[in-house]
């Protein structure tokens, strides 16, 4: 390969990596906006979040076509191929994160009330903060090609699961206390589940970053908090 | 291209199509088994369903690697490339269907009781039957390269959504009638949602079959039943 060719190839990979970064940033914004809309009952922000999701779909298609072009023209092997396959999967996960955040925004519109219980609001916010931190950390690990950081993100997912489990119980208790809470809490159950699943996608991304960098798969079951015997690991 | 080359290429595509068919069959079995486990409280069947899902993950990886090899060695264009891209996406959707069915099986284990209400059982079974029919129809459309059948599957998804909406309401009513139903119904809400989402994946597959065959995208919003202003279209 001439130096010219190598440089062009690097540019192609950099272009894809840039789009992954853009998707990551958009996904983070979408989570923040849709949860803010939920907490403040801001219908306008909810509608704006829903509209933003289309850009993630576009970027996914763009990354897929770029990867196909690179594979067809370069026939990459080994580390190069791993990198391309990993970016494709990461793009897929980020698109799913966008969908899940969008669904929280749709619930804001469907619910005719905000989050009235202080305890529930604190629990939800805590889970969202942790999930956001996980997504940010794994995107950093991707940018820095840091396998160890990726492994740590995967390990920390059990914390998100633990908060989800306790939130699930709190929501059921709140429903039992007063039947008038049931409809709202049913929607909040789905919102909480969506955020927990965003955490699962951060874990998927972590596994792909680890594989991309090391060529090894993190195959052992990661630790799952399963205190209830019910909620832990339900989406794995 | 020599005739020999064309034949080898066809064989490669046929091998991928065969694996899609295998994934489709497995996904259908997983849905049947996990819902049967739910209806009959059959924990053993639930555990078996959960174990089956691993094969879907393997097949997805296998299809991805085959597609990458085809793209790298053949540099397909136009219809050929569309076909390969579409099979990759269909494989992804089928893997997600397996995950969703697996999660229903996991709920069977998490719930300490079966579906006690006759009305709820009938509603759930009706939704599952329709979703299964949708999945079967779209896999037939894929095998027969039939764009019109695919378009019809997409159109019929509103029926699944309508049953889901009414089931969602029934579950809430059942919760309000007696707080002792709340925990069980919360799990059933997620089961119903998972089945509704399997319907959405059948719709995604339909869109990819249509694109694969015609080269056109079904871009117009498909009709969504949204009677509650709440549940219709929440996962789109």
## Note on the structure
The Rg/Rh figure for the range A:16-73, Cα atoms and Kirkwood Rh, to two decimals is 1.16
### Query
Using the 10 angstrom Cβ neighbour count as an exposure proxy, how do B:49, B:158 rank, fewest first?
B:158, B:49
### Query
Based solely on its DSSP helices, what 222 nm [θ] is calculated for the protein assembly as shown when runs of n ≥ 4 H residues each add -39,500 (n - 2.57) and the sum is averaged over all residues, nearest 500 deg cm²/dmol?
-30000 deg cm²/dmol
## Note on the structure
At the level of C-alpha centres, the distance separating the range B:120-170 and the range A:160-225, in angstrom, is 27
### Query
In nm², what is the average projected area of the convex hull enclosing the Cα atoms of the protein assembly as shown?
21.8
### Query
In A, who owns the beta-carbon nearest the axis carrying A over to B, and how many Å from it?
A:71, 2
### Task
Please report, to two decimal places, log10 I(q)/I(0) for the range A:3-214 at q = 0.12, 0.17, 0.18 Å⁻¹ as given by the Debye formula with identical point scatterers on the Cα atoms and no solvent.
-0.64, -1.08, -1.17
### Task
Determine, from the Cβ-Cβ distance of residue A:155 and residue A:129 and an R0 of 22 Å, the FRET efficiency 1/(1 + (r/R0)^6), rounded to the nearest 0.05.
0.80
#### Entry: Rel. contact order, % - alpha carbon contacts under 8 angstrom, at least six apart, chain A
24
### Task
Round to a whole angstrom and tell me the spacing of the C-alpha centers of the range A:4-82 and the range B:73-89.
21
#### Entry: Estimated FRET transfer efficiency when R0 is 30 angstrom, pair residue B:15-residue A:75 (beta carbons, to 0.05)
0.90
### Message
Explain nothing, just the number: relative contact order of the range A:82-164, from Cα pairs under 8 Å at least 6 residues apart, as a whole percent.
### Response
23
### Message
Quick check on the range B:31-141: what does the Kirkwood estimate of hydrodynamic radius come out to from the alpha carbon pairs, in Å?
### Response
15.9
### Query
Based only on Cα atoms, what Rg/Rh ratio does the range A:131-226 have, Rh being taken as Kirkwood's radius?
1.12
## Note on the structure
Using the Kirkwood radius over Cα pairs of the range B:142-188, the Stokes-Einstein translational diffusion coefficient at 25 °C and 0.890 mPa s, in µm²/s and rounded to a whole number, is 189
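Every read-out reported here was derived from the displayed coordinates using simple, explicitly stated rules and does not represent laboratory data. All values reported here derive from a predicted model rather than from experimental measurement. All Cβ positions, glycine included, derive from the backbone under ideal geometry; neighbour counts span all protein chains shown.
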